[in-house]
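Colleague: First the structure, then my questions, so here it is.
The values are calculated or read from the model by the stated rules, or taken from the named source; none is laboratory data. Keep in mind that what you see is a predicted model, and the values were worked out from it rather than measured. Positions of Cβ are generated from backbone atoms using ideal geometry, with glycine treated the same way; all protein chains shown enter the neighbour counts. Accessible surface areas use protein heavy atoms only, side chains included; no ligands, DNA or RNA. Shrake-Rupley method; radii C 1.70, N 1.55, O 1.52, S 1.80 Å.
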Amino acid sequence: MNIIKTENLTKIFGDTIAVDTVSMHVKQGEIYGFLGLNGAGKTTTIRLLLGLIRPDFGSCYLFGQKPKQASGIWNEVGYLVETPHSYPNLTVTENLKVIYNLRGLKEKSIIKDVISILRLTQYKNKKEKHLSLGNKQRLGLAKALIHKPKLLILDEPVNGLDPEGIAEIREFLKDLTQNHGTTIFLSSHILSEISKLTTRIGIIHGGKLIKEIDSYELEEQIIKKLLVNTVDNNKAINILNENNLAVSINGDSILEIAEQNAIAHPEKIAAILVNNNIPPKMLRVFEEDLESYFLRIIGVNNIEQ
Amino acid sequence: MKQQILALKAEILKNRHSQITWVTFIAFSLAPIFGAVFMYLMKDNGYEGLSGSFKSKAVMMSFEANWNSFLALLSQAVGIGGVLIFGFVASWLFGREYSDATAKDLLALPISRSKILNAKFIYYISWCLALVISNLLLGLIFGFLLQVEGWHYSVLITNLKIYFITTLLIITLNTPVAFAAIAGRGYMAPLGFVAVLLVLAQIIGAMGIGNYFPWSVPGIYAGAGGEDLKIQLNYLSFIIIIITGIIGYIGTILWWKYSDQK
């Protein structure tokens, strides 16, 4: 079942096409990572999904319904858009009570529960304006999670969190998906986080969804190569060619071998070179990170080679 | 109805620790305090107890050291000061969601946006009524402490009628301020709007055509422009206020429901 579905979703601000015919779908239980540079259209897409702005063309659906105001679907949706803000003069508990009332929730214990889950217990009586950025983020997440939604739409959810906090939230979101069937749609500029967390990734650039890929496919598409440097690279190329290995030389005069066997067993390459009296000065497996992959996909020419 | 009550509970909670509340009460209470000072200075020596522009103003307005004048002064303070203070309250209540950047949290909920705004309007009306009742009580306390002359039940009733009608007129007139806060996304735009209205109300009132400018009418009705201006008020003066209030209310609701929340 598609929890999120968009069809040619388009939003235009003046002369700018902020979101350009985006069609995508997110299935139940997926963690969908939404990648894009600043201004790519991520937040505008999220605002369209939440009904905060109206599309100029196309449509979007949550749980098969258009995102109408005061609809029952909002009982199933939790969200966090851009930097989380709360009422600065209210405490953590009071801020959650505001949302508790507006959502018409009935069990008071859920406020305490969500405070505990987001590890805000020691700050529960602290005013929002006195919280650290990380704890403000946790409060934002608590507001999004208080009603145990089936769909979480999160814009940069780990912004401002320290590494320990990021890992904690990552595990928490994974648990939500694996043990509670929650579907998560999240954007993040911390690309390594997306790769660790998501089951599928959509890349948006200039308002267009330019790529959708499953996380396991991503693993296959990422460039891997063995980088080799020796005292005599010309001789090394000849030797390696004699051993049926295709070798190229990059702009930094470093040898590159793209063959899977060589990447999997760099020690065998080292042995060949040593046996031919040209021991390697450097031998390193290069694996393109998600950021490089992302930049390659959107055509920005500054990829580490 | 249940959702409306919950929205109101949320609105009350939001304002629990608001220092603005006390600021408005202190600012608004200056009217009965200064009125009491006038009473005290004039009590024994009439106009001779005053000096400078205070004396001229008191003479111009036929202000006397009695309950009728004192209560009329409180109504005039609502008619003029209310535009500022009630406008300030509306600016804060409706603009804060943008200034605090919390508006987006209110827009994708199972409760309708109009109920959230209605809760704000209810809170706004309650806040304004609390302000005028507190001023009235302060005025009565000061008046009795100073043993102001001329106390009579009929004087109180006549002035209370003017006092509360003036209050209702000002409350009604501030719905466009709420609109300015929502459309201007913060409290700076509506505060600017209030400042402009206040200046216009004075200028247009002084030009003698204030009976058709909504924000001049309450002051004139309260007697701030003297009896000559007050008798110029007619049904149209009040109908204009009601229409302004309705347009402001509907505009606020429609804007929040149908405009893009970028």
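Colleague: Tell me, in nm to one decimal, what length is gained between B:LEU168 and B:MET188 on full extension, where the rule is 0.36 nm per residue of separation less the Cα-Cα distance?
Modeller: 4.8 nm
Colleague: Related question: In percent, what relative contact order does chain B have, based on Cα pairs under 8 Å that are 6 or more apart in sequence?
Modeller: It rounds to 27 percent for chain B.
Colleague: Would you kindly find the accessible area of A:ASP56, with a 1.4 Å probe and non-protein molecules such as ligands, DNA and RNA excluded, rounding to the nearest 10 Å²?
Modeller: It works out to around 70 Å².
Colleague: On a straight-distance basis, which lysines could pair with A:LYS235 in a cross-link, Cα separation under 25 angstrom, same-chain partners fewer than 8 positions away excluded?
Modeller: A:LYS224, A:LYS225, A:LYS268, A:LYS281
Colleague: Can you give the net charge of the other residues whose Cβ lies under 12 Å from the Cβ of A:ILE166, counting K and R as +1 and D and E as -1?
Modeller: That sum, taken over residues with Cβ under 12 Å, equals -3.
Colleague: For A:ARG54, what charge total do you get from the other residues with a beta carbon under 9 Å from its beta carbon, if Lys and Arg give +1 and Asp and Glu give -1?
Modeller: -1
Colleague: Sticking with this one: By how many degrees, between 0 and 90 and to the nearest 10, does the Cα long axis of helix B:19-28 differ from the longest principal axis of chain B?
Modeller: Here the helix axis deviates by roughly 30 degrees.
Colleague: Next up: So how tilted is helix B:235-258 from the main axis of chain B? Cα-based, degrees 0 to 90, rounded to 10.
Modeller: Around 30 degrees separate the two axes.
Colleague: Counting only the heavy atoms of the protein chains, how much of A:LYS235 is accessible to a 1.4 Å probe, in Å² to the nearest 10?
Modeller: Looks like 90 Å² after rounding.
Colleague: For chain B, with a Gaussian network of springs between Cα atoms less than 10 Å apart, report the residue from B:ASN118, B:ASN135, B:ASN45 with the top mean-square fluctuation.
Modeller: Result: B:ASN45 has the largest fluctuation of those listed.
Colleague: On average, how many beta carbons from a partner chain sit within 10 Å of the beta carbon of a residue in B:97-105?
Modeller: 6
Colleague: Tell me, what is the percent relative contact order of region B:66-196, built from C-alpha pairs under 8 Å that lie six or more residues apart?
Modeller: Averaging sequence separation for qualifying contacts and normalising by length gives 55 percent for region B:66-196.
Colleague: Please find the FRET efficiency linking A:GLU242 to A:ASN38, where r is the Cβ-Cβ separation and R0 is fixed at 41 Å, and quote it to the nearest 0.05.
Modeller: 0.25
Colleague: Here's something else I'd like to know. Can you tell me which of B:SER114, B:SER18, B:SER216 moves the most in a GNM of chain B? Springs connect C-alpha atoms under 10 Å apart.
Modeller: B:SER18
Colleague: Taking the full set of protein chains and a 1.4 angstrom probe, give the accessible area of A:SER248 in square angstrom, rounded to the nearest 10.
Modeller: 60 Å²
Colleague: Moving to a separate point now. Kindly provide the helix-only [θ] at 222 nm of the protein assembly as shown, computed as the sum of -39,500 (n - 2.57) over DSSP H runs of four or more divided by all residues, to the nearest 500 deg cm²/dmol?
Modeller: -17000 deg cm²/dmol, from helical runs alone.
Colleague: Would you mind pulling out the separation of the Cα centroids of region A:151-194 and region B:160-202, in Å?
Modeller: 45 Å
Colleague: Using a/c under 1.5 as the rounded threshold, could you call chain B rounded, prolate or oblate? The axes a ≥ b ≥ c are square roots of the C-alpha gyration tensor eigenvalues, and prolate needs a/b larger than b/c, oblate otherwise.
Modeller: It is prolate, given that a/c is not under 1.5 and a/b is the larger ratio.
Colleague: Still on this model: Ordering A:ARG284, A:ARG119 by how much accessible area each has at a 1.4 Å probe, largest first, what is the list?
Modeller: Solvent-accessible surface, decreasing: A:ARG119, A:ARG284.
Colleague: Also: For an R0 of 30 angstrom, estimate the FRET efficiency from the Cβ-Cβ distance between A:ILE222 and A:GLU7 and round to the nearest 0.05.
Modeller: Result of the calculation: an efficiency of 0.50.
Colleague: Now a separate question. Given Cα pairs under 8 Å that are at least 6 residues apart, what percent is the relative contact order of chain A?
Modeller: Here the relative contact order equals 19 percent.
Colleague: Give the average, rounded to an integer, of partner chain Cβ atoms located within 10 angstrom of each Cβ in A:95-101.
Modeller: Rounded to a whole number, the mean comes out at 6.
Colleague: Let me ask you something else. For the protein assembly as shown, just say rounded, prolate or oblate: build the C-alpha gyration tensor, square-root its eigenvalues into a ≥ b ≥ c, call rounded for a/c under 1.5, and beyond that prolate if a/b exceeds b/c, oblate if not.
Modeller: prolate
Colleague: Using a 1.4 angstrom probe with every protein chain in place, what is the largest-first accessible-area order of A:SER109, B:SER134?
Modeller: A:SER109, B:SER134
Colleague: For A:GLU82, list long-range residues whose amide hydrogen, built 1.01 Å from N in the peptide plane, is under 5 Å from its own amide hydrogen.
Modeller: Answer set, sorted by chain and number: A:ASP155.
Colleague: Rounded, prolate or oblate for region A:85-161? Axes are the square roots of the Cα gyration tensor eigenvalues, ordered a ≥ b ≥ c, and the cut-off for rounded is a/c under 1.5.
Modeller: Here region A:85-161 falls in the oblate category.
Colleague: Could you give the size of the charge dipole of chain A about its Cα centre, using +1 on the Cβ of each K and R and -1 on the Cβ of each D and E, expressed in debye and rounded to the nearest 20?
Modeller: The calculation lands at about 1700 debye.
Colleague: List the aspartates and glutamates whose Cα lies under 19 Å from the Cα of B:LYS262, skipping any in the same chain that are fewer than 8 positions away.
Modeller: By straight Cα distance, B:LYS262 reaches A:ASP15, A:ASP20, A:ASP56, A:GLU82, A:ASP155, A:GLU156, B:GLU97, B:ASP100, B:ASP105.
Colleague: Rounded to whole Hz and in sequence order, give me ³J(HN,Hα) for region B:152-158 from the Karplus expression 6.51 cos²θ - 1.76 cosθ + 1.60, θ = phi - 60°, writing x for Gly and Pro.
Modeller: Using θ = phi - 60°, the values come out as 7, 3, 5, 5, 4, 4, 4 Hz.
Colleague: Report the chymotrypsin sites (Phe, Trp or Tyr not before Pro) located in region B:83-189 that are in a DSSP loop and have at most 16 other Cβ atoms inside 10 Å of their Cβ, or state none.
Modeller: B:TRP151
Colleague: If the cut-off is 20 Å between C-alpha atoms, which lysines fall inside it for A:LYS126, apart from same-chain ones fewer than 8 positions away?
Modeller: A:LYS97, A:LYS108, A:LYS112, A:LYS136, A:LYS143, B:LYS14
Colleague: Could you order A:TYR100, B:TYR212, B:TYR235, A:TYR123 by accessible surface area, starting with the largest, using a probe radius of 1.4 Å?
Modeller: B:TYR235, B:TYR212, A:TYR123, A:TYR100
Colleague: Taking the Cα of A:THR83, stepping 7 Å toward and past its beta carbon, and measuring to each backbone N in region A:192-235: which are under 15 Å?
Modeller: none
Colleague: Nothing charged except the Cβ atoms of Lys and Arg (+1) and of Asp and Glu (-1): what's the magnitude of the dipole of region B:2-258 about its Cα centre? Round to the nearest 20 debye.
Modeller: Dipole magnitude for region B:2-258 comes out near 1020 debye.
Colleague: Tell me which of B:GLN4, B:SER216, B:LEU168 sits at the most positive position along the dipole axis of the protein assembly as shown, charges placed on C-beta atoms (Lys, Arg +1; Asp, Glu -1).
Modeller: The Cα lying farthest towards the positive end belongs to B:LEU168.
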